[in-house]
1. Quote the relative contact order of the chain in percent (integer), defining contacts as alpha-carbon pairs under 8 Å separated by 6+ residues.
2. Determine by what factor the alpha-carbon radius of gyration of the chain differs from 2.2 N^0.38 Å, reporting the quotient.
3. Between residue 75 and residue 56, what is the label-to-label distance in nm when each label sits 7 Å out along the Cα-to-Cβ direction?
4. If you find the alpha carbon centre of segment 1-80 and of segment 82-98, how far apart are they in angstrom?
5. Please give the FRET efficiency for residue 68 paired with residue 48, using the beta carbon to beta carbon distance and R0 = 22 Å, rounded to the nearest 0.05.
6. Once R0 is set to 22 Å, what does the formula 1/(1 + (r/R0)^6) return for the Cβ-Cβ distance between residue 31 and residue 87, expressed as a FRET efficiency to the nearest 0.05?
7. Starting with the highest mean, order 23-32, 6-15, 67-76 by the number of other Cβ atoms within 10 Å, averaged over the residues of each peptide.
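The numbers here are math on the coordinates, done by the rules we state, and not lab data. All of these numbers come straight from a predicted model, not from anything done at the bench. Please note: Cβ atoms are built from the backbone with ideal geometry, for glycine as well, and neighbour counts cover all protein chains shown.
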């Protein structure tokens, strides 16, 4: 007799539960902010970040965009790289493409 494999059914109408522990506080506005755009070398990560930035720039008078590519999508960014990046920006957007 074959062993039955249980599966989990998710209820899409259940209330969402979002963990916020350890998350940075969101600014009230992006006015004058330096927006960091961090991509990972995957296809379409750059266009999606640019499209999101364009929408933000239309809605807010952001100071500038700081675009960087961390490279290899299969590896985390080096701590020094992230430290340098965070010193250049006030808020950051990250994208994985494909």
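1. Relative contact order here is 40 percent.
2. Working it through for the chain, the quotient is 1.47.
3. 2.7 nm
4. If you average the Cα positions of each part, the centres end up 10 Å apart.
5. The computed FRET efficiency comes out at 0.90.
6. 0.60
7. The densest-packed peptide leads the list: 67-76, 23-32, 6-15.
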